[in-house]
Amino acid sequence: MLNHRRHILLGGLAVAASMLITPASQAADYPEKPIELIVPFAAGGGTDALARAFSAAAQKHLPKGIIVMNRAGASGSIGWQYMMNAKPDGYTLAVVTVEMVILPHLNLFNATYHDVTPIAQLNADPASVIVRSDSPYNTVEEFIEAARKQPGKMSMGTSGNGTIYDLAAAAFEDKTGTKFNRIPYQGAAPSILSLLSNQLDAVSASPAEVSAHVSAGKLKILAVMADNRLADFKNVPTLKERNIDLSIGTWRGIMGPKGLPADVVRTLKAVVPVIAKEPEMQNALKKMNLGYVFADDIGFKATMARDNQVFKDLVTKLKISVN
């Protein structure tokens, strides 16, 4: 009888142990299939370029791979909403940009950075003022002077209503006493194409997103909205050098839906920094002139909290509204 009870007890313990071991073994298998990485803007822009560079560099560390999917529209919120609505299992992530902390203050997105799981920041870039190479404006002062003479007549393309480059253009207007006809697109890339095809007078975008066109002699950057000149654009002045106190730009990072399992978060937190440091990733960023800035999940969330307040104040100060 005692032996029989002992067998029952040992059998029960074995079952319980197997139940405890199973989740751990499942966690060790993540990811068992490709991870979908959502890009909330059109292909060809800086966010898309960063995502594809990250996907390529990840192949060595995530053999199942990362599939980049573009879900553009509504200044990024369509792609992010798709990610947030996905099952929180680690197989649907997104590249999140600074618009995550801008759109809620414009009533363009009913979620906030509290509704996602930050993994890591990978990038930061300033905004800039860009014109065609055949533009009559060779300095930002000439550009501003012309704009002041014809309020609302000169057109400036942006990456969408409420996006960072839209706010950068609005802040530029505020600081320089100008008024442009700001035209929103579904990402920086389409606005740049319109500039190249002579449909716009200028665009507000990052230097990285036009670097190839600048090198080809098709576009020129009049000024960057940064504290210091950029290493890859040493001949381009900052607005601050021109006594215009404006420094504004974007950041990009990897996030997932709220409620990601702790073991999935641990895996991603361990592998993403390694992927980010891969020579393939670093060389791709350098080739595209995208600024590399890394922060872990804690640092990234702190950046979002800070910029959430910054852009809340900016939207209020400039009385920006989007119909």
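Could you give the size of the charge dipole of the range 180-323 about its Cα centre, using +1 on the Cβ of each K and R and -1 on the Cβ of each D and E, expressed in debye and rounded to the nearest 20?
Result for the range 180-323 is approximately 180 debye, rounded to the nearest 20.
Carbon-plus-sulfur fraction of the accessible area of the chain, 1.4 Å probe, in percent?
Accessible surface attributable to carbon and sulfur in the chain totals 53 percent.
If you take the charge dipole of the chain about its Cα centre, with +1 on Lys and Arg Cβ and -1 on Asp and Glu Cβ, which of 67, 320, 221 is farthest toward its positive end?
Looking along the dipole axis, the top candidate is 67.
Could you check the spin-label model distance between residue 78 and residue 283? Points 7 Å from the Cα along Cα→Cβ, value in nm.
So the label points at residue 78 and residue 283 sit 3.5 nm apart.
Please determine, in degrees from 0 to 90 and to the nearest 10, the orientation of helix 262-276 with respect to the longest principal axis defined by the Cα atoms of the chain, where the helix direction is its Cα long axis.
50 degrees
Taking the solvent-accessible surface of protein heavy atoms with a 1.4 Å probe, what is the per residue accessible area of the range 164-254 in Å²?
That works out to 39 Å² for each residue.
Can you work out the accessible area per residue across the range 86-147, with the rest of the protein chains kept in place, probe 1.4 Å, in square angstrom?
32 Å²
How many angstrom lie between the C-alpha centres of the range 176-195 and the range 290-323?
Taking the Cα centre of the range 290-323 as reference, the centre of the range 176-195 is 21 Å away.
Helix 46-58: angle to the longest alpha-carbon principal axis of the chain, degrees 0 to 90, nearest 10?
Orientation of helix 46-58: about 30 degrees from the principal axis.
For the range 231-323, what class follows from the C-alpha gyration tensor (a ≥ b ≥ c being the square roots of its eigenvalues): rounded when a/c is under 1.5, otherwise prolate if a/b is larger than b/c, else oblate?
Because a/c hits 1.5 or more and a/b fails to exceed b/c, the range 231-323 counts as oblate.
Nearest 10 degrees is fine. How inclined is helix 140-149 to the longest principal axis of the chain, computing both from alpha carbons?
On a 0 to 90 degree scale, this one is about 70.
Which one of 265, 187, 288 is farthest out on the positive end of the charge dipole of the range 180-323, using unit charges on Cβ (Lys, Arg +1; Asp, Glu -1) and the Cα centre as origin?
Of 265, 187, 288, it is 187.
Positive end of the dipole of the chain, charges at C-beta (+1 Lys, Arg; -1 Asp, Glu), about the Cα centre: which of 143, 164, 94 has its Cα farthest in that direction?
The listed residue farthest towards the positive side: 94.
The values are calculated or read from the model by the stated rules, or taken from the named source; none is laboratory data. Because the structure is predicted, anything quoted here is derived from the model rather than measured. In this analysis, Cβ positions are derived from the backbone assuming ideal geometry, glycine residues included, and neighbour counts consider all displayed protein chains. What goes into the accessible areas is simple: the full protein's heavy atoms, side chains included, and nothing from ligands, DNA or RNA. Shrake-Rupley method; radii C 1.70, N 1.55, O 1.52, S 1.80 Å.
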